[in-house]
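Notes follow once the structure below has been shown.
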Amino acid sequence: MTETPKSTSEYIDRERKYLAQIYKPLSIVLNRGEGVWLWDTEGKKYLDFLSAYSAVSFGHLNQRIKKALMDQMELLDIPARAFHTDRLGEFGQLLCEFTGMDRMQPMNSGAEAVETGVKAARRWGHDVKKIADGNQRIIVSAGNFHGRTTTIISFSSDKDYQRGFGPLTPGFDIIPFGDLNALEAAITPDTCAFITEPIQGEGGILMPPLNFLKGAQEICKRNNVLFILDEIQTGMGRTGKNFCYQYEIDKPDGLMLGKALGGGIYPVSAFLAREDVMAVLDPGSHGSTFGGNPLAAAIGIEALKILIEDNLADRSAELGDHMMRRLSAIQSPMVKDVRGKGLLIGLEIDPAYASARQVCDRLLEKGLLSKDTHGTVVRFAPPLIIEKGELDWAADTVAQVLSEMINK
């Protein structure tokens, strides 16, 4: 029998002893959550300003999501895709109608949605565009983060993600993020797709130039290349639209979703595409034991209904503008930039004064949970259900921490 640790350090020590050390968590042990709030094992309360990278967009233990899960648990759990179920078609219809895409393939993790998109693009390149098998090439953006599978890290420009994991998967061409001239120059007769994020979240909340998505889509269409967007972190109302691409285009040829689609309770993801792209995936070419199971479908349906019925995209736009104004008004030499859309905001810290991790540690002490990326950027992505007063408290806390750090 295991013994329950008596202190934060004991919980952390046990985790370090038995788990692979692939994360560097802040020094906190959480054991309860509700809405936008989290509590640690010592009873301290924290405002969640990360929401699991958008996975908890509807808040912790959202009652509607929780009920959808429990109601489905009373009926059917996981029968496998060897059989039809009553919930999967409903989930597929709602998601396709909501996005305007023709078909979807349900998966579990965001990385699986990306892998599905890569496979579909390559087979479309072979079957439809008639590229010799093995010659299909996909263009990606430098600074991207699409997941951590072997194939996905193969098209990362971050060497730390690749070190020691070779041989890497070939067939990818990297261009600067937001560079339309580089995109056009990189396309060859063997190019089958261009995959990019509309905003690079893990990359540091990096914004492309205005009309980049519109221009990229036009270039891809002109060259018979699929335009595929990864909206796993930016989608589902996060940036002030249902999907970030809606600021510039009607819809892409392919779309990767995840995180918020699972309501913060269960891993649900999907790859969506136009008819001719999805048609190349025939029986046996792809699959997932858990993908689209009744529990996942029930949660995905409810997550979409909440997003629509509660107008969370409009709410995110309004509250995001407010938070951007509050953060931009902070007068501190530590702040190099404030950028983002909706409730996806990056606070860039001047490394001459501190690292972003040091800022996150100090925010933690004040009861505000955030996460650093690339050493210089603090990411703010609270649940979309957050109230304006809670945003104001967070902005005041950020200002206080920066002031204390600069005057120490």
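What follows is calculated from the coordinates using simple rules that are stated; it is not laboratory data. From a predicted model like this one, the values you see are computed outputs, not experimental measurements. Note: ideal-geometry Cβ built from the backbone for every residue, glycine included; neighbour counts use all protein chains shown.
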- Item | Gain in span if fully extended, Thr149 to Lys388, counting 0.36 nm per residue against the direct Cα distance | 82.2 nm
- Task: State the Cα centre-to-centre distance between segment 205-224 and segment 313-376 in whole Å.
- Result: 27
- What stretch of the chain, leaving out the sites themselves, is the longest with no chymotrypsin sites (Phe, Trp or Tyr not before Pro) in a DSSP loop having at most 14 other Cβ atoms within 10 Å? 166-408
- How much net charge surrounds Thr149 when only other residues with a Cβ under 9 Å from its Cβ are counted (Lys, Arg +1; Asp, Glu -1)? -1
- How many percent of all Cα-Cα pairs in segment 76-309 sit more than 27 Å apart? 30
- Options Gly284, Leu183, Leu210, ranked by Cα towards positive dipole end of the chain, top entry (Cβ charges): Leu183
- If you take the square roots of the eigenvalues of the alpha-carbon gyration tensor of segment 245-323 and sort them as a ≥ b ≥ c, do you get rounded (a/c under 1.5), prolate (a/b over b/c) or oblate? oblate
- Mind ordering 101-109, 309-317 by average Cβ neighbours within 10 Å, highest first? 101-109, 309-317
- Query: trypsin sites (Lys or Arg not before Pro), restricted to segment 109-203: which are DSSP loop and have at most 11 other Cβ atoms within 10 Å?
  - Reply: Lys130, Arg163
- About its Cα centre, what dipole magnitude does segment 76-309 give when the only charges are +1 on Lys and Arg Cβ and -1 on Asp and Glu Cβ, stated in debye to the nearest 20? 240
- Quick one: net charge around Asp173, please, counting Lys, Arg +1 and Asp, Glu -1 for every other residue with C-beta under 12 Å from its C-beta. 0
- Item | Packing-based order for 398-404, 110-116, using average beta carbon neighbours within 10 Å, highest first | 110-116, 398-404
- Task: Give, as ranges by residue number, the residues of segment 33-55 whose backbone N falls under 14 Å from the point 7 Å along Cα→Cβ of Arg14.
- Result: 41-42
- Query: What's the angle, to the nearest 10 degrees (0 to 90), between helix 88-99's Cα axis and the longest principal axis of the chain?
  - Reply: 80
- A student applying the Cα gyration tensor rule (rounded when a/c is under 1.5; otherwise prolate if a/b is larger than b/c, oblate if not) would label segment 123-242 oblate
- Task: Please report the base-10 log of the normalised intensity I(q)/I(0) for the chain, using a Debye sum with one equal scatterer per alpha carbon and no solvent, at each q in 0.06, 0.10, 0.14 (1/Å).
- Result: -0.24, -0.70, -1.34
- Query: Which residue, Gly117, Gly134, Gly215, tops the fluctuation ranking in a GNM of the chain built on C-alpha contacts under 10 Å?
  - Reply: Gly134
- Query: Do any GluC sites (Glu not before Pro) in segment 177-233 lie in a loop, going by DSSP, with at most 15 other beta-carbon atoms within 10 Å of their beta carbon, and if so which?
  - Reply: none
- Loop trypsin sites (Lys or Arg not before Pro), segment 63-100, which have at most 16 other Cβ atoms in a 10 Å radius of their Cβ (DSSP): Arg81
- Query: Helix 388-406 sits at what angle to the longest principal axis of the chain, using alpha carbons and giving 0 to 90 degrees rounded to 10?
  - Reply: 70
- Message: Can you give me the angle between helix 312-328 and the longest principal axis of the chain, using Cα atoms only, in degrees from 0 to 90, rounded to the nearest 10?
- Response: 50
- Query: Classify segment 1-57: rounded, prolate or oblate, from the alpha-carbon gyration tensor (a ≥ b ≥ c, eigenvalue square roots; a/c under 1.5 rounded; otherwise prolate if a/b is larger than b/c)?
  - Reply: oblate
